[in-house]
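The values are calculated or read from the model by the stated rules, or taken from the named source; none is laboratory data. The structure displayed is predicted, hence computed values, not measured ones. Every residue, glycine among them, receives a Cβ derived from its backbone with ideal geometry; neighbour counts consider all protein chains shown.
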Amino acid sequence: MKLYQYHHCPFCVRADMVANYKQVEHEKVFLANDDEPTCFDLIGAKMVPILELDDGTAMAESLDVCARFDELGDPAAVILDARPEQEQAAMALLDGVRKSIRCLLFPRNINLGLPEFASQASRDYFQNKKEAIIEQTFEQALADTEHHKAMVETTLAQLPALSLPADHQQQISWSDVIIYPTLRNLTMVKDLNIPPAVMTYLQQVASVTNTHLYLDHAI
Ligand SMILES: N[C@@H](CCC(=O)N[C@@H](CS)C(=O)NCC(=O)O)C(=O)O
């Protein structure tokens, strides 16, 4: 089976982390960001992640894909129940600085050497779409980096304590599937002050899900 995705896409990371953690054999396909036909052919919409099953059928929606991987994968790799209080508190805080997160991440996404942005056309496609969402140019967003970093850092400092895989026999929970991808993308931002407890969380979840942080090439 094939998992179509973008490296920078937090919804794709949900699917990717569950597939890896559950040891589901699959091929990872990194689509060009401006490749609309492949998505439309598979699911009738321009959206990833997409899981194409061996029978040729395809499915969308990251949490549905995760649930399918959970069924198909190693039963010994248990995903623990969600931790609603922790998850809701964390996601509400991050949602409160959504604009700053977007202004930090969107202009960086295209400059990290990721496979979905190999061509100039794919970078232009993304930039056009995302500048409309943040209602400013990437240049403007980057010029305000210090402001956006301060907003996000204040929020990161307020996050509730996040349960660690090390405290649960190296198991992840369904709340990690929601929380981790958003926090993971913040490692794209050079010198963003990520509290040590949050960094420990990121490193542990990255390790048990065989996913990658951006710390060594943050910009
Ligand atoms: N509800 C969907 C959302 C997926 C989604 O929004 N994916 C973004 C990428 S991060 C997308 O494909 N956007 C269209 C585009 O990039 O053109 C899910 O959970 O899978």
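Which residue is farthest from the chain's Cα centre (by Cα), if the candidates are limited to the range 62-78 and must be surrounded by fewer than 17 Cβ atoms within 10 Å (Cβ to Cβ) and near the ligand (Cβ under 10 Å from one of its atoms)?
Only one residue fits best here, namely D64.
Could you grab me the full set of residues in the range 123-137 that are more than 10 Å from the ligand (Cβ to nearest atom) and of a type outside the set (K, R)? Full working, then the answer.
Taking the range 123-137 first, the residues more than 10 Å from the ligand (Cβ to nearest atom) are 123-124, 127-128, 131-137.
Those that are more than 10 Å from the ligand (Cβ to nearest atom) and of a type outside the set (K, R): D124, Q127, N128, E131, A132, I133, I134, E135, Q136, T137.
Could you identify the single residue in D34, D54 that is away from the ligand (no atom under 16 Å from the Cβ), of a type outside the set (F, W, Y) and not in a helix (DSSP H, G or I)? Give the derivation first.
Working: D34 fails: away from the ligand (no atom under 16 Å from the Cβ).
On inspection, the qualifying residue turns out to be D54.
When you look at A45, is it at pLDDT 95 or above, more than 19 Å from K22 (Cβ to Cβ) and not in a helix (DSSP H, G or I), yes or no?
Yes; evaluated as a whole, the condition is true for this residue.
Give me the pairs: first residue in the range 21-40 and under 30 Å from N128 (Cβ atoms) and not assigned by TED's automatic domain parsing to the domain that holds W174, second residue in a helix (DSSP H, G or I) and among the basic types (K, R), beta-carbon distance under 8 Å, and six or more apart or on different chains, which are they?
N33/R123
How many of the residues making up the range 9-55 are among the aliphatic types (A, V, I, L, M) and surrounded by fewer than 16 Cβ atoms within 10 Å (Cβ to Cβ)?
3
Looking only at the range 189-206, which residues are without any contact (Cβ under 8 Å) to a residue 12 or more places away in the chain and either part of a loop (DSSP other than H, G, I, E, B) or not aliphatic (A, V, I, L, M) (or both)?
Step one: filter the range 189-206 for residues without any contact (Cβ under 8 Å) to a residue 12 or more places away in the chain, giving 196, 199, 203.
Residues satisfying the conditions are P196, Q203.
Residues are listed down the side, and each one gets a yes or a no for (1) over 19 Å from M91 (Cβ atoms); (2) surrounded by 20 or more Cβ atoms within 10 Å (Cβ to Cβ):
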residue: A132; (1), (2): yes, no
residue: Q140; (1), (2): yes, no
residue: A143; (1), (2): yes, no
residue: L164; (1), (2): no, no
residue: N185; (1), (2): no, yes
residue: D191; (1), (2): yes, no
residue: P196; (1), (2): yes, no
residue: Y201; (1), (2): no, yes
residue: I219; (1), (2): yes, no
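I'd like the full set of residues that are in contact with a Ser or Thr (Cβ under 9 Å, 6 or more places away or on another chain), part of a helix (DSSP H, G or I) and either surrounded by fewer than 20 Cβ atoms within 10 Å (Cβ to Cβ) or of a type in the set (G, A, S) (or both), limited to the range 166-183.
A166, S175
Which of the residues that make up the range 79-101 are part of a loop (DSSP other than H, G, I, E, B) and more than 16 Å from the ligand (Cβ to nearest atom)? First the steps, then the outcome.
Residues of the range 79-101 that are part of a loop (DSSP other than H, G, I, E, B), as a first pass: 81-83, 97.
D81, R83, V97, listed by residue number.
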